[in-house]
Amino acid sequence: MNPGPGQKEQDMSSTAEHQTDAPPDYLNDGYGLRSWLLTTDHKRIAMLYLMSVTIFFMMGSFFAALIRAELVTPEGDLVTPDMYNRLFTMHGVIMVFLFLIPTIPAVFGNFFVPIMIGAKDLAMPRLNLASWYVFNVGAVLILYSIFAGGLDTGWTFYVPYSSSYSATNVVTAAVGIFIAGFASIMTGLNLMVTIHRMRAPGMTWFRLPLFVWANYATSIIILLGTPVVAITILMVGAERMFQLGIFDPAYGGDPILFQHLFWFYSHPAVYIMVLPAMGIQSELMAAFARKRIFGYRYVVYSSLGIAVLGFLVWGHHMYTSGQSAYAAAVFSILTMLVAVPSAVKTFNWTATLYRGSISFQTPMLYALAFMGLFLVGGLTGVMLGTLGIDVHVHDTYFVVAHFHYVMVGVTVSAFMGGLHYWWPKMTGRLYPSFPSKISAILVFLGFNLTFFPQFLLGFMGMPRRYHAYPVEDWQVLNVLSSAGATVLGVGFLLPAVYLTWSLFRGKRAPANPWGAVGLEWDIPSPPTKHNFEEDVVVTHEAYDYDARRDAIAAAAAAKQEADLV
Amino acid sequence: MSEAVQNSRLAHWYRSWEEQTESVTLAMWFFLVTEVMFFGGIFTAYLIYRAQNPEAFAAASHHLDIVMGGVNTAVLIGSSLTVVMSVWAAERGKQKALATWLFLTMLLGLTFLVIKYFEYSAKFEHNLVPGASFEFHDTRAGEHGYVDPSRARMFFHLYFFMTGLHALHMIIGLGIYGVLLFNTLKGKYSVRWHDPIPVAGLYWHFVDLVWIFLFPLLYLIGRH
């Protein structure tokens, strides 16, 4: 992301050769660590976030690798049971709180929402920078709790284990998550205000690109949900330190209340992870089918619908916690309702492909992988929302497979798709297409090989969070899963190599390498510090590929005519 | 203050003064939404336990000092008035009045915290702070059912947690108003640009409002 000093000078001179009076791009507008650490440019902050979340993704993956290594054999022979508890907790906490939740809004939302709406920056640039620092402070606390003895409560922090019994660093981790939540709120707040108040003239609500809408819906959830988990985690911390007695039955508290409060946030948090991913998906589908998204407005409404419904379904995590049968039935029905807006999206993406001129570039490969994986993840979600099935497979690998299909299959696929789609715009460099296509295919195959066997394991009854399994029959599927994880790991390592390579040796990217429509493609790659040198006035709806096609044809005709004369 | 300096208050990424004012105001409103949800979590816990242990909570609530709580309520409502007056003064460019109203707001906020301090100390003296020395006696007159001391202890836990969280917000508010007062004395605000005054006012009103809910919930319900 940050090429060495020699590289920058070279960039500078080559830019200078072509355009002498044009302002420098944002990467060359000021050098040195200070210009990055004190920047208020939303694009640089997005890059800082990208570096942070990449590191956390690698750490989370490392713990996942150890988990899969342990499960190759039925005996618990690689790590102790205590260590295994710490491993899956670290994997979950890092991936959920430090990667999945912040990543798309804070990286791509930060970078592209202002550009897509024709603004120079987010509404509160200093708050934006502060959010990155706050996020890292939270992350450092979480990592400290992990390396100074670990954490073994699982990412869900269920009481009373977390509040009264666990001998690990619950308080430090809780404070870390509390602080990281603040960063999430700052980003959500900023995006929301920016989208409300800073749209360019002519950029009406229904001309917004769907990625902007997705970030808007996500921000609503962040603003309404994150504070609840913040106070809940604060209460767990206080309970641990002062025996507060809100959740501990020994003092008259109710552990189920914790689950209610926790899932009131943590279920919507799933939509914090997937909604922005769906926004990226819409961008990719339109760009690589060369068509306006089918039923644009309904995709918008479905995002908002998911944001609202997401707050009404938390009880489906608690079917076996002893809530009343009536409550469970209501939550079950509401859960299935979420399938409606999700299906609207899926069908609309599919319909967008119909009669589109589809090109199978790397981002599109990820987008197509997304479609398949989301279908499996979403439909198994309906299965799990069904009371009878859920009670049977509760806390088994079926659940693990389901939420990985959603979180990895949807969020990480879209993250990779978005990264490959916008990389030329963000860095000004093209990456090699062959290895990137290989990596997209490896990720898709490796992912399915890893997690599909887990559905079967779960249905056969293998419980989650066990470090050893007694039934020899389960070994074949576990070995398959671990083998898949290896393929998946290679698929994720490849981009780390060729994207880094492209930073230094990649070809210079043109302003619009994909021939896509959108304000971000009308400005140079990489953009200048203030994004737009002239005031933007928007006259077209989003994804007006038809109009653009005419314009391109008209330009070609005019040129031909000029040549004739 | 020169016009050039005043104009520099319009941050370059905004298109107009209106866009800037609307953005920062909206940001505070959205922040207050998160605050509502934040306090909502602990209010939910309180309401559930209150409903489960009405007798113990009423008995414990009887130990709270209704006079101090009542005076504090009045003090905070008064501070909301001074906040509104500070906005009024800022809009008209009355710098002296602005400084005075900001100062009075801080004074009232401080009064609240001082009274709260005495209230807390009294709880320590009467062994009502949950911990090793916690002791609870039902002091209400007349016949009442059995009161489980552990549930009364829970009431005091919630009391300290909720009022403590509120007091923390008050302290943050005092810090904000200190900065506003400092900037006012330095002549930073003008009729053209004084966004921080109403935006901070929103925050202050919200913190007042939390107390308006805390007071009846903790002090008044179940009292005869």
Quiz item: If the cut-off is a Cα-Cα distance under 22 Å, which lysines reach B:LYS94, setting aside same-chain residues fewer than 8 apart in sequence?
Solution: B:LYS186, B:LYS188
Quiz item: With each run of n ≥ 4 DSSP H residues scored as -39500 (n - 2.57), what mean residue ellipticity at 222 nm is computed for the protein assembly as shown after dividing by its residue count and rounding to the nearest 500 deg cm²/dmol?
Solution: -23000 deg cm²/dmol
Self-check item: Degrees between helix B:196-215 axis and first principal axis of chain B (Cα, 0 to 90, nearest 10)
Solution: 10 degrees
Exercise. With just the Cα atoms of the range B:35-219, tell me how far they stretch along each of the three principal axes, in Å, largest first.
Key: 63, 30, 28
Self-check item: Contour minus Cα-Cα distance for A:GLU75 and A:THR320 (0.36 nm per residue)
Solution: 85.3 nm
Exercise. Restrict the search to the range B:94-176; then list the GluC sites (Glu not before Pro) that DSSP places in a loop and that have at most 13 other Cβ atoms within 10 Å of their Cβ.
Key: B:GLU135, B:GLU143
Quiz item: Build a GNM of chain B with springs between Cα atoms under 10 Å: which of B:ALA74, B:ALA90, B:ALA11 gets the top mean-square fluctuation?
Solution: B:ALA11
Quiz prompt | Rounded if a/c under 1.5, otherwise prolate or oblate - the range A:506-546, Cα gyration tensor axes | solution = oblate
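Relative contact order (percent) for the range B:35-219, with alpha-carbon contacts under 8 angstrom and 6 or more residues of separation?
Numbers: 162 pairs, mean separation 63.9, N = 185.
Across the range B:35-219, relative contact order equals 35 percent.
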Quiz item: In a shell of Cβ-Cβ distance under 14 Å around B:VAL83, excluding B:VAL83 itself, what net charge do Lys and Arg (+1) and Asp and Glu (-1) give?
Solution: -2
Quiz item: Roughly how tilted is helix A:362-385, in degrees to the nearest 10 and between 0 and 90, from the longest Cα axis of chain A?
Solution: 30 degrees
Practice problem: Could you work out how far the C-alpha centroid of the range A:97-148 sits from that of the range B:153-203, in angstrom? | Solution: 26 Å
Exercise. Compute the acute angle (0 to 90°) between the alpha-carbon long axis of helix B:149-185 and the principal axis of greatest extent of the alpha-carbon atoms of chain B; round to the nearest 10°.
Key: 20 degrees
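Taking the Cβ of A:HIS42 as the centre, find all other residues whose Cβ is under 12 Å away and add up their charges (Lys, Arg: +1; Asp, Glu: -1). Show your work: numbers first, answer last.
Working: positive: A:LYS43, A:ARG44, A:LYS120, A:ARG126, A:LYS529; negative: A:ASP41, A:ASP121.
Once positives and negatives cancel, what remains is +3.
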Quiz item: Can you list the aspartates and glutamates whose alpha carbon sits under 12 Å from that of B:LYS123, skipping same-chain ones fewer than 8 residues off?
Solution: B:ASP65, B:GLU135
Practice problem: Rank by packing, highest mean first: peptides A:374-381, A:221-228, with packing defined as the count of other Cβ atoms within 10 Å averaged across residues. | Solution: A:221-228, A:374-381
Quiz prompt | Within-12-Å neighbourhood charge of B:ALA167 [Cβ basis; K, R +1; D, E -1] | solution = 0
Self-check item: Projected area averaged over orientations for the protein assembly as shown, convex hull of C-alpha atoms, nm²
Solution: 38.1 nm²
Quiz item: Cα-based count: Lys pairs in chain A below 26 Å, eight or more positions apart or different chains?
Solution: 21
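Sorted by average packing, counted as other Cβ atoms within 10 angstrom per residue and highest first, what order do A:117-124, A:474-481, A:535-542 take?
Result, highest mean first: A:117-124, A:474-481, A:535-542.
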Quiz item: Alpha carbon centre of the range A:167-205 versus the range A:219-248: separation in Å?
Solution: 17 Å
Quiz item: Given a cut-off of under 8 Å on Cα pairs at least six residues apart, what relative contact order in percent is computed for chain A?
Solution: 18 percent
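Throughout, read-outs are computed from the coordinates displayed, never taken from laboratory work. Here the structure is a predicted model, which is why all the values come from computation and not from measurement. When we count neighbours, we look across all protein chains shown, and the Cβ atoms used for this are built from the backbone with ideal geometry, even at glycine.
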